[in-house]
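These notes are about the structure you will find just below.
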Amino acid sequence: MRKFILLPILLMTCVAIAGCKSGAKDATPTTGNLDCKTAIQTYLDTADMKGRGEKEITKGNNIVVDYVGRLSDQEVFDTSVESVAQACGKYQAGRDYTGGLAFQVGAGQMIAGFDQGVEGMKLGQTKTITIPAKDAYGEWSKDKLVAINKAKVPEADKYTVGTMVQTDYGQVFKVYEITATQIIFDANHELAGKDLIFDITVKEIK
């Protein structure tokens with residue numbers, strides 16, 4: 001959910017010097033006691049605190065929130081809520097699910113729609129917001145497709161369409177297309193072009 005800065009030229013350099021790793025690891029699915037839909041509803045039913053503070057979030061506040069991020073088809077793509085992560089197959093071993101997500105509102109640390117969505121919320125409040133693609137990770141663009149000659153890609157024959165590639169800088173790309181002479185990488189964010197739904201609970205306001 002944090003901003004993901006992509007530098008196509010860096011990808012070209014990275015691939016050329018074998019600084020990329022194919023098959024980036026996904027979150028480790030963990031089966032919980034609840035199904036995904038039930039886990040989300042349980043979170044929503046219990047997260048909102050009745051005794052809310054009067055202070056409203058404004059730009060400049062440092063806040064901590066819990067969140068569940070969903071796509072328009074209701075698929076969960078990320079969450080800070082452990083029970084939801086377990087039930088929805090998004091649990092990440094080693095991630096701290098006790099602290100929530102901390103950031104400064106309006107400081108550019110979050111996607112624009114998330115920043116705007118929390119303004120006006122109060123301590124303990126839970127709200128569901130829908131963020132259009134343009135205010136999330138932007139629209140998908142062909143301008144972010146990067147073609148690399150196979151001769152410059154180590155072990156090029158091991159790549160298939162859909163393979164995820166992670167650079168030493170932590171950037172993640174997907175193999176979009178493979179031709180006779182080139183591998184075309186997609187430098188769009190994986191959530192580009194998608195409207196996002198967030199269930200957000202305010203845990204702390206400073």
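The values are calculated or read from the model by the stated rules, or taken from the named source; none is laboratory data. These figures come from a predicted structure and were not determined experimentally. Virtual Cβ from ideal backbone geometry, glycine too; neighbours counted across all protein chains shown.
The residue list 98, 130 contains one member that is more than 14 Å from the chain's Cα centre (by Cα), over 12 Å from residue 199 (Cα atoms) and in the same structural domain as residue 198 (by TED's automatic domain parsing), which is 98. The listed residues are 97, 176, and the only one of them that is crowded, with 16+ Cβ neighbours inside 10 Å, at pLDDT 95 or above and part of a loop (DSSP other than H, G, I, E, B) turns out to be 97.
Among the candidates 74, 182, single out the residue that is touching a residue at least 24 places away in the same chain (Cβ under 8 Å), in the same structural domain as residue 53 (by TED's automatic domain parsing), among the polar types (S, T, N, Q) and over 26 Å from residue 55 (Cβ atoms). Give the steps one after another, and end with the answer.
Numbers: 182 fails: in the same structural domain as residue 53 (by TED's automatic domain parsing).
Among 74, 182, only 74 is touching a residue at least 24 places away in the same chain (Cβ under 8 Å), in the same structural domain as residue 53 (by TED's automatic domain parsing), among the polar types (S, T, N, Q) and over 26 Å from residue 55 (Cβ atoms).
Screening the stretch 179-198 for residues that are in a strand (DSSP E or B) and touching a Gly at 6+ places or on another chain (Cβ under 8 Å) and picking the one that is farthest from residue 71 (Cα to Cα) gives 198.
Considering (1) more than 15 Å from the chain's Cα centre (by Cα); (2) surrounded by fewer than 20 Cβ atoms within 10 Å (Cβ to Cβ), the lone condition that residue 86 does not fulfil carries the number (2).
Which one of these is closer than 15 Å to residue 204 by Cβ, among the basic types (Lys, Arg) and out of contact with any Ser or Thr (no Cβ under 8 Å at 6 or more places or on another chain): 37, 134, 122? Walk me through how you get there before you give the answer.
Details: 37 fails: closer than 15 Å to residue 204 by Cβ; 134 fails: closer than 15 Å to residue 204 by Cβ.
Among 37, 134, 122, only 122 is closer than 15 Å to residue 204 by Cβ, among the basic types (Lys, Arg) and out of contact with any Ser or Thr (no Cβ under 8 Å at 6 or more places or on another chain).
Listed by first and then second residue, the pairs linking a residue in the stretch 44-67 that is part of a strand (DSSP E or B) to a residue that is modelled with pLDDT under 90 and surrounded by 13 or more Cβ atoms within 10 Å (Cβ to Cβ), with Cβ atoms under 7 Å apart and 6 or more places separating them unless they lie on different chains, are 66/47. The set of residues from the stretch 97-132 being in contact with a Lys or Arg (Cβ under 7 Å, 6 or more places away or on another chain) and closer than 23 Å to residue 84 by Cβ comprises 100, 109, 110, 111, 121, 122, 123, 124, 125.
Buried (at least 18 other Cβ atoms within 10 Å of the Cβ), farther than 22 Å from residue 55 by Cα and either modelled with pLDDT under 95 or among the aliphatic types (A, V, I, L, M) (or both) - does that describe any residue in the stretch 105-115? Yes, the conditions are met somewhere in the stretch 105-115.
Quick test for you: out of 163, 167, pick the one residue that is of a type in the set (S, T, N, Q), modelled with pLDDT under 95, surrounded by fewer than 18 Cβ atoms within 10 Å (Cβ to Cβ) and more than 30 Å from residue 52 (Cα to Cα). Even if it seems obvious, please write down each step before you answer.
On the way: 167 fails: surrounded by fewer than 18 Cβ atoms within 10 Å (Cβ to Cβ).
Answer to the check: 163.
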